[in-house]
Amino acid sequence: MSLVVVGSVALDTIETPRGRADDALGGSATHFALAASLLTKVRLMGFVGEDFPAEHVDLLRKRGIDLTGLETKPGETFRWHGRYLENMNVRETISLALNVFGEYEPVPPPAYRDSEFVFLANGSPVHQMQVVERMTAARFTVVDTMDHWIESDRPALDALLKRVQAVLINDSEAHLLTGLDGIAAARALLDFGPHYVVVKKGEHGAVMVTPDDTFLIPAFPVAEVRDPTGAGDTFAGGMMGCLAEAGDVTPAIMRRALAYGAVIASFNVEDFGVRRTAALTPDEVEERLEKFRRMLAF
Ligand code: AMP
């Protein structure tokens, strides 16, 4: 079933204790789409500037990602510069320039309007709401956000949370929104509106709560984490790719979807930027999923 993602398409500069990348392909929608495209057809919506390298467009296109909704605008592409500390669960944003990503309203192209699964990747909650209002065929809309937006546009985010079926955020963002930690923060988020709340906890996995279910999933352990950037978005891509492919959302399908999310995110962190996910194959995903299943059986 049709899946659309709207979010940032970026040029990222990343520093981690394992190395550095400059002006590498990144962005929330990019990481998401590369992950989801391993499981289903995905449509991408976003803005880039005239400086966005053609080779990046080719890479996304070669993965079968529908780019009808990727618009090139006068100006520069969104740029983000982040640094991870020795404990790679903690990162700081050194600079962020929204550029064309901050300037334009997202208008879904007519060919995207029948999409039933919608992922609002990290971006302005005002723009995320405009997408909700325009995607009238949507059955399952999931929103992600970040400290930047929680701090700068809380009222718009609160209004948005009332209009979506699920929220997917990390534990520090859940704390920022609710003032609570752990499972209490996840449960409190149900009162904001969504029926499904997924809180990501980096190397400690994720927790899903619904009004009558709680599910915990660990992170798939990898030998070396080189760059955690995009872990959250590739987790979301695996999850939504699985749901869209199933064409339905039930607590049982959601559990399976979270396993795909954890597995694809675990590949993503093995190398810088999108390098690992861009080279990943569906067979590698299935093989690791099987290993993960055996690790979790008791
Ligand atoms: P993640 O590590 O999953 O949280 O996603 C990191 C990606 O989000 C990077 O590739 C950045 O380009 C992008 N990003 C960082 N800050 C923002 C922001 N405020 N809004 C949208 N995207 C962002």
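Readers should treat all values here as calculations from the given coordinates under stated rules, not as data from a laboratory. The structure displayed is predicted, hence computed values, not measured ones. Heads up, the Cβs are rebuilt from the backbone with ideal geometry, glycines too, and the neighbour counts pull from every protein chain shown.
Structural remarks
- For segment 70-76, backbone phi angles converted through the Karplus equation (6.51, -1.76, 1.60; θ = phi - 60°) give residue-by-residue couplings of 8, 9, 9, 10, x, x, 9 Hz, Gly and Pro being listed as x.
- Contour minus Cα-Cα distance for Phe192 and Glu284 (0.36 nm per residue): 29.4 nm
- Segment 1-93, relative contact order in percent, only Cα pairs under 8 angstrom and at least six apart counted: 33 percent
- Reference-scaled alpha-carbon Rg (2.2 N^0.38 Å with N residues) for the chain: 0.90
- Net charge of the neighbourhood of Ser115, taken over other residues with C-beta under 11 Å away and scored Lys/Arg +1, Asp/Glu -1, is +2.
- Averaging 1/r over every pair of different alpha carbons in segment 120-237 and inverting the result gives a Kirkwood radius of 14.6 Å.
- Check: segment 133-211 dipole with +1 on Lys, Arg Cβ and -1 on Asp, Glu Cβ, in debye: 400 debye
- The length gained by stretching the chain between Glu133 and Ala184 to full extension, at 0.36 nm per residue less their Cα-Cα distance, is 15.3 nm.
- Test item: Cα-centred dipole of segment 3-296, Lys/Arg +1 and Asp/Glu -1 on Cβ, debye: 620 debye
- Furthest towards positive pole of dipole, Thr77, Pro125, Thr234, structure part the chain, Cβ charges: Thr234
- Computed magnitude of the charge dipole of segment 160-298 (debye, nearest 20; Cβ of K, R +1, Cβ of D, E -1): 180 debye
- Structure-based [θ]222 nm, the chain - -39500 (n - 2.57) summed over DSSP H runs of at least 4, per residue, nearest 500: -11500 deg cm²/dmol
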